[in-house]
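Down below is the structure, laid out as structure tokens.
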Amino acid sequence: GAAGLDELARDLEAGSVDTLVMVGCNPAYDAPRSMRLEDLIPKAGLSIHLGMHFDETAAVATWHVPESHPLESWSDLRSLDGTASLVQPLIRPFYSTQTMHGLLASLLGTFEGNDYEIVRSTWRSRSADSDFESWWRRTLQDGLIKSSPEPAPELNTPALPALAQAGAKPGLALILRADPCLWDGAYANNAWLQECPKPLTKEVWGNALGIGADDAGKLEVSDGDLLRVASETASITVPVRIEDDHAPGTLSLSLGYGRVRGGTLGSGIGVNGFSLIAEEGQRVVSVAAVKTGQKRPITSTQEQFELDGDPADIYPAMKLGHFAQDEPPAPKRPVPTLLPAHDYAKAAARWAMVIDNGACIGCNACVVACQVENNVPVIGPEEIARHRDMHWLRIDRYEIGEGDETATGFQPVPCMHCEAAPCEPVCPVGASVHDSEGLNVQVYNRCIGTRFCEANCPYKVRRFNFFGYADDQPYGDLGKDIVRAHNNPNVTVRARGVMEKCTYCVQRISGARRAAEKANRPLGDGDVVTACQSACPTRAIAFGNLNAPESVVAGLRREPQHYTLLDHLDTKPRTTYLAKVRNPNPLLDKVPG
């Protein structure tokens, strides 16, 4: 039966492990430090590590076998309900790597060949069809293996961690949690994820110790002050970040940092919270914290793009009873403009986006999807510290409500694609212009880098290439030519000295239009899906043609909670919002405690 890491550690210590095979794991880094697995793994007669990176465990193993990427491999999967499906590779392997199937076949002495042959042989014995080749091709096309369900696996019952009684141990309770970007450190070498702002704190390129204001006052520390945090197993020195809503008597820290063999980018960033863990699965640790008197700035994007105006107007939050008042909106007075009038209702399409703030959970999936789709460069912590963020899309965080009804709200902010765009009249070379369908486009080869458009944008959504981030970006290509293949060939790579911003994924609009022309049909609602829209797990983003009255975005614009960001400027943005609607239960106020 399955056993825990503690039993493995005892067997290694006793010298009773002849062969140790480690697949897709890194126990030398993330196992409890008290087990000393980094010292015990070499005691095995033969230790083999299969992984995509030469990490901390690979360094102490006898052999490290480079693993094929999942996108390069054949495999099969079974869902929770028992249905099986085949996994097809998207690309051929770049290097001479090995899959888990191939490694296990070699160790078992079956030598079935490559992963393709191994998967085929598995299902050849299970297929009831006499013509296996026809069954195989049909199954690849369908995606699912029909009549394959097996009993659903039995999962362990979720349980809360065992917490020590209050006052049982002196000190503070440190809550260790998986990082929302790097998870357990497996993605530490991914520059996109290192530079992705964390949902609540907006931190990038590192982790910090969360602490409440009361506890920070007792320790006499402020943001960026270094604390020495010690548990029974080790001590770390980490900068603090004061959070208003942090529970008193507790500290919090993201795992996944402090790697010593995390790759070209992942090594030496942040501190390792795993070193404070004494037992497997432990995520609450009693620690003592001492001020060191030193400081280390926290790299964050939280203060970079604050909009001018009343937060209640920028991020309105309504209660359900508001809609019963049935108050007609006050007529809006026209604002003088230098731009010529244009009737986009006659255009072939009038692209627009509606974002539901009530559905947004601030996960930043849209931010990374936009970066991947549009070749947005990674610029590194030094440039981020200079407030030179390059993300075309950001998630603003707001505290809404008062007193006990305070809640957190999230608002994605891409380019508004204003029909009366303030960025256009100030551009001396006509680099910021409108196309025939009203999209606010940026002509890169005209831009001379005056940054007038950025200064005139009230939404702060334009980004400037201060350096040739795409030409020689140490954080983006890792110094290897092969990694440059991640660029989207349908999107240009911008040079130094030009302004860039959200384009509504104009390359996807163009692709959908060509596909519709080939099929001799008009563009339909839902034919164009932007990168941010496709990645949103809560479907908070809708995109479509406003000139089609039955489109989703046209319907959302008729909702009573629909509003325009900074509406008093009369920029006529194509990107608009649905206000967050709250319906607190009054009975909850009567619940004791």
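What you get for the stretch 1-142, charging only the Cβ of Lys and Arg (+1) and of Asp and Glu (-1), is a dipole of about 220 debye around the Cα centre. With R₀ fixed at 25 Å, the C-beta to C-beta distance from Leu104 to Ala278 puts the FRET efficiency at about 0.15. For Lys43, the aspartates and glutamates whose Cα falls under 20 Å of its own Cα, not counting residues fewer than eight places away in the same chain, are Asp6, Glu7, Asp11, Glu13, Asp18, Asp30, Asp55, Glu56.
Between Glu232 and Lys146, the contour length at 0.36 nm per residue exceeds the Cα-Cα span by 25.6 nm.
A simple count of charges around Asp244, restricted to other residues whose Cβ falls under 13 Å of its Cβ and scoring Lys, Arg +1 and Asp, Glu -1, yields -4.
Note on the chain: dipole from Cβ charges, positive end direction compared against Leu227, Val284, Leu523; the farthest Cα belongs to Leu523. Expressed as a whole number of Å, what is the distance separating the alpha-carbon centroids of the stretch 419-465 and the stretch 210-230? Going from one Cα centre to the other spans 43 Å. Could you tell me the center-to-center distance, by alpha carbons, between the stretch 11-70 and the stretch 541-579 in angstrom? What the calculation gives is 54 Å, centre to centre. Ordering of 277-287, 12-22, 303-313 by packing is 277-287, 12-22, 303-313, highest average first (other Cβ atoms within 10 Å, averaged per residue). Rounded, prolate or oblate for the stretch 334-406? Axes are the square roots of the Cα gyration tensor eigenvalues, ordered a ≥ b ≥ c, and the cut-off for rounded is a/c under 1.5. Because a/c hits 1.5 or more and a/b fails to exceed b/c, the stretch 334-406 counts as oblate. Applying both filters, DSSP loop and at most 15 other Cβ atoms within 10 Å, to the trypsin sites (Lys or Arg not before Pro) of the stretch 64-127 gives Arg126. If you sort the three axes of the alpha carbon gyration tensor as a ≥ b ≥ c, you get a/c of 1.5 or more for the stretch 8-89 and a/b above b/c, which makes it prolate. Distance between the C-alpha centres of the stretch 245-320 and the stretch 491-510: 32 Å, rounded to the whole angstrom.
Of the residues Val483, Ala247, Ala554, the one whose Cα sits farthest toward the positive end of the charge dipole of the chain, with +1 on the Cβ of Lys and Arg and -1 on the Cβ of Asp and Glu, is Ala554.
Per residue, the accessible area of the chain comes to 53 Å² when a 1.4 Å probe rolls over the protein heavy atoms.
DSSP beta bridges confined to the stretch 44-138 are antiparallel in about 45 percent of cases. Put a plus charge on the Cβ of each Lys and Arg, a minus charge on the Cβ of each Asp and Glu, and nothing anywhere else: the dipole of the stretch 379-469 about its Cα centre is then about 580 debye. Seen from Glu7, the other residues with C-beta closer than 14 Å to its C-beta sum to a net charge of -4, counting Lys and Arg as +1 and Asp and Glu as -1. With a cut-off of 10 Å between beta carbons, the residues surrounding Ala84 carry a summed charge of +1, where Lys and Arg count +1 and Asp and Glu -1.
A Förster radius of 41 Å combined with the Cβ-Cβ distance from Thr250 to Asn490 puts the calculated FRET efficiency at roughly 0.30. Cross-link partners for Lys346 among the lysines, with Cα-Cα distance under 18 Å and sequence neighbours closer than 8 places in the same chain left out: Lys572. Once you have a ≥ b ≥ c as the square roots of the Cα gyration tensor eigenvalues for the stretch 187-254, tell me rounded if a/c is under 1.5, and otherwise prolate or oblate according to whether a/b is larger than b/c. Because a/c hits 1.5 or more and a/b fails to exceed b/c, the stretch 187-254 counts as oblate.
The values are calculated or read from the model by the stated rules, or taken from the named source; none is laboratory data. Computed from a prediction, not measured in an experiment: that's the story for all the values here. Glycine gets a Cβ as well: all are built from the backbone with ideal geometry, and neighbour counts include every protein chain shown. With ligands, DNA and RNA removed, areas are computed over all heavy atoms of the protein, side chains included. Shrake-Rupley method; radii C 1.70, N 1.55, O 1.52, S 1.80 Å.
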